[in-house]
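The values are calculated or read from the model by the stated rules, or taken from the named source; none is laboratory data. As the structure is a computational prediction, the values presented were derived from the model and not from experiment. Don't worry about glycine lacking a Cβ; one is built from the backbone with ideal geometry, like all the others, and counts go over all protein chains shown. Protein only, heavy atoms only, side chains kept; ligands, DNA and RNA dropped before computing areas. Shrake-Rupley method; radii C 1.70, N 1.55, O 1.52, S 1.80 Å.
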Amino acid sequence: MAEFTLELNEDQKQVRDWLHGFAAEVIRPAASEWDEREETPWPVIQEAAKVGIYSLDFYAQQFFDPTGLGIPVAMEELFWGDAGIALSIVGTGLAAVGVLANGTEEQIGTWIPQMYGDADDVKLAAFCSSEPDAGSDVASMRTRAVYDAAKDEWVLNGTKTWATNGGIANVHVVVAVVDAELGSKGHASFIVPPDTPGLSQGQKFKKHGIRASHTAEVVLEDVRVPGSCLLGGKEKLDERLARARERAKSGGERVKNAAMATFEASRPAVGAMAVGTARAAYEVALDYAKTRTQFGRPIIDNQGIAFQLADMRTRIDAARLLVWRASWMATTNKPFTSAEGSMSKLYASETAKQVTAQAVQILGGNGFTREYPVERMHRDAAIYTIFEGTSEIQRLVIARTLSGMPIR
């Protein structure tokens, strides 16, 4: 019988320590500057590409780790460094996951390498799903994709929002409606190649947190892409739409749409990001509490502070375990019968918000200033309960899965 263990193997430990070193030596020293500039940290991304962190090979190795822990370990360490810069480094990964979740082997081999480029010519990719009137409510999506059979091309029109790397990416993955009558089941994903006419950047958002990550609208005006850019291919799409129509008539089982397949695969990774930010804030608060003196003794000598730190560490460790469980289940093809992916994202996200708020409180007035990093970490943590499915949506998914009821 195989021995049960939660200990990382030697290869995983080496990767973890390597990433931790990069986060400590390259990401953290640059974090405050790029947060203030609110710009994509190209020098850091290029350095990550130079050492092999921003590369297809690195993410493939972590993605195919047989234990499932490669990606969450990597995400935790990078986001321990800084959430904004880390998201700039890993943002391309969401688009890559979109291709992996929905594309053919040929599409995967063709497009994912173009999303990263190489150390001498770094590329970016963007995943475009949310819209001004369709965030959590994916059924309200308005971006349309119409097939032009004469030219074997798809014509895309609409506006996407909240797109990481949107407009500055070399490759965009766009989710669009191909059959409006089917609601969210009538969606498909498309590759928009570099320099495709009709795609432009709309508004760039000035954000509360993760300000070193570029977030913008993507405008699609009569964007034509070859038929081969439909992820999964038209034959597979037609079959899926036919099944969805039949199931809609009979009231049968639900069919996952293209965006949800991507988010389901990425939720534990987002949970790991949140764990990294929470851990970073906790460590700052712990060190501060041990060295800050009031009334002649370190403030950690007070139960009010010590108990907060105990709770913070407990929540962080619990969140990590939920993330690791979901990641292991996904890798070993075990179904999320209790919405374990959503559980991991929900708990880790809420933990990041709570722990960073407690860190600010422990540092007192210093925690409220930009001289200390917990202020930035607290701002950054707010995003985890919002993007890739809000906490409310995660609770809805969990409740529906557990009950089998169409809870609204």
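Residue ranges 337-344, 237-244, 143-150, 394-401 sort as 337-344, 394-401, 237-244, 143-150 when ordered by packing (mean number of other C-beta atoms within 10 Å per residue, highest first). Rg/Rh for the chain (Cα atoms only, Rh after Kirkwood) is 0.98.
Here the accessible area is traced with a 1.4 Å probe on the protein chains. For the stretch 144-219, carbon and sulfur cover 49 percent of it.
Rounded, prolate or oblate: which fits the stretch 1-122 when a ≥ b ≥ c are the square roots of the eigenvalues of the alpha-carbon gyration tensor, with rounded for a/c under 1.5 and prolate only if a/b beats b/c?
On the way: a/c = 2.08, a/b = 1.14, b/c = 1.82.
Here the stretch 1-122 falls in the oblate category.
Amide H contacts of Gly166 (H built 1.01 Å from N, in plane; Pro and chain starts excluded): Ala216 sit under 5 Å, all sequence-distant by 5 or more or on other chains.
Quick one: pull the percent of accessible area on the stretch 1-123 belonging to carbon and sulfur, 1.4 Å probe, ligands and nucleic acids left out.
Working: 3070 of 5840 Å².
After summing per-atom areas, the C and S share lands at 53 percent.
Of the accessible area of the stretch 281-396, computed with a 1.4 Å probe over protein heavy atoms only, carbon and sulfur atoms account for 55 percent. Net charge dipole, the chain: roughly 1340 debye, given to the nearest 20, about the Cα centre with Cβ charges of +1 for Lys and Arg and -1 for Asp and Glu. Between Ala272, Thr92, Ala339, the Cα set farthest toward the positive side of the dipole of the chain (charges on each charged residue's Cβ, about the Cα centre) is that of Ala339.
Note: relative contact order over the chain, using C-alpha pairs below 8 Å and six or more positions apart, is 17 percent. Surface analysis of the chain yields an accessible area of 46 Å² per residue, using protein heavy atoms and a 1.4 Å probe.
Kyte-Doolittle mean at least -0.5 and Cα extent at least 20 Å along the axis: which DSSP H helices of the chain qualify?
258-291, 303-331, 340-363
For the pairs Lys151/Lys249; Lys50/Lys353; Lys234/Lys345; Lys234/Lys334; Lys13/Lys345, flag any whose C-alpha to C-alpha distance is greater than 27 Å. Where the Cα-Cα span goes over 27 Å, the pairs concerned are Lys151/Lys249; Lys50/Lys353; Lys234/Lys345; Lys234/Lys334.
Between the alpha-carbon centers of the stretch 118-145 and the stretch 309-346, tell me the distance in whole angstrom. So the two Cα centres are separated by 26 Å.
Calculated mean residue ellipticity at 222 nm for the chain: -17000 deg cm²/dmol, from DSSP H runs with n ≥ 4 weighted as -39500 (n - 2.57), summed, divided by the residue count and rounded to 500. Less than 5 angstrom separates the built amide H of Asp118 from those of Lys123, all sequence-distant by 5 or more or on a different chain.
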